[in-house]
Amino acid sequence: MSRENSALIALEELKNLEAQRVQTVEEEARAKSEAERRAKEEAERKAREEQERIQREQEEQARLAQEEKERKEREERIRVAEAEARSRAEQEARLREEQMRLDAQVKMAERKKTPYWLYITAGVLAIGLGVGGYVLVQKNKEKEATELAKQETEKQLAAEKKAREEAEAQVAELEAKSAELADKQAELAAQLEAATSEAERAKILAEQKKLDEEQASIKKKISAGRKKGSGNGGGGSSSSSSSKKPATKERKDKLSIGGGDAPLGGL
């Protein structure tokens, strides 16, 4: 009787040891799976952070380059305006000198009873001065309008490029999250096959439903982000056409004023 009891006790102990071994193996497998999942999530997090850092650096570089470009354009406009102002002042000074010379010749001609065509010449020169100033002002206005249109076009293109890059970055982040959810869905499917109770199966099914809804929402956002990124690329052609320089007719009948002692300057 004692031998039978000893055998039963030994068999029970063996069963307990086997159950403990099986439980230990399962716990080690779960711990390994959890460690792999955490390592994967950590790697994905670091990759996202690195991508965001690179994107911030690129945006900062683009902003600095745009500011430098705008600064150079302002300096160029100021330089051109100063050059035009100097040219206009020199032209007006030359015309005033010529007018004074002709006035002096008219006075001398009056004393010598010179014909009245000298007065006509003075009037023509005055009209030429006014027409030349008007044409110069119109050209400056046209140039300023063209420059403003060019700047507006460049700003619009920069804004569209930035919006497109932001949409692409958002799509990439959503795709990474979608892949992560797909991995979780695969893990839940494996757990569902290994489930041994209805309560565990119901819990896994609820988690699967939640992940499916989240996955569907992410896919909608990805689709919307791709449409947004592709939609911003077509606005450059119509706006760039507005930056073309307007055609201006060149004056053929330029007024030429000569020097020398002749009253009409060789005309």
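Does at least one position in the stretch 111-124 carry a residue that is surrounded by 13 or more Cβ atoms within 10 Å (Cβ to Cβ), among the hydroxyl-bearing types (Ser, Thr, Tyr) and either modelled with pLDDT of 80 or more or within 28 Å of residue 80 (Cα to Cα) (or both)? No: zero hits. Within this structure, residue 19 fails the test of being within 19 Å of residue 186 (Cβ to Cβ), out of contact with any strand residue (DSSP E or B) (no Cβ under 9 Å at 6 or more places or on another chain), surrounded by 10 or more Cβ atoms within 10 Å (Cβ to Cβ) and free of Cβ contacts under 8 Å to residues at least 60 places away in the same chain. Condition first: farther than 24 Å from residue 164 by Cα and among the polar types (S, T, N, Q). Now tell me which residues in the stretch 196-223 satisfy that. Across the stretch 196-223, the qualifying residues are 196, 197, 208. Scanning the stretch 57-94 for residues that are surrounded by 12 or more Cβ atoms within 10 Å (Cβ to Cβ) and small (Gly, Ala, Ser) turns up 62, 81.
Only one entry in 203, 177 is over 29 Å from residue 66 (Cα atoms), in a helix (DSSP H, G or I), free of Cβ contacts under 8 Å to residues at least 24 places away in the same chain and among the basic types (Lys, Arg), namely 203. Which one of these is surrounded by 13 or more Cβ atoms within 10 Å (Cβ to Cβ) and in a helix (DSSP H, G or I): 152, 193, 213? None of the other options fit; the residue is 152. Exactly one residue out of 15, 46 is more than 30 Å from residue 183 (Cβ to Cβ) and either touching a helix residue (DSSP H, G or I) at 6+ places or on another chain (Cβ under 7 Å) or among the charged types (D, E, K, R) (or both): that is 15.
Test residue 39 against the criterion of being of a type outside the set (Ser, Thr, Tyr) and either touching a Gly at 6+ places or on another chain (Cβ under 7 Å) or within 18 Å of residue 176 (Cβ to Cβ) (or both), and give yes or no. For residue 39, the condition - of a type outside the set (Ser, Thr, Tyr) and either touching a Gly at 6+ places or on another chain (Cβ under 7 Å) or within 18 Å of residue 176 (Cβ to Cβ) (or both) - is met. Within the stretch 167-175, is there a residue that is at pLDDT below 85 and more than 26 Å from residue 38 (Cα to Cα)? Within the stretch 167-175, one or more residues are at pLDDT below 85 and more than 26 Å from residue 38 (Cα to Cα).
The values are calculated or read from the model by the stated rules, or taken from the named source; none is laboratory data. For clarity, every value in this text was computed on a predicted model and none was experimentally measured. When we count neighbours, we look across all protein chains shown, and the Cβ atoms used for this are built from the backbone with ideal geometry, even at glycine.
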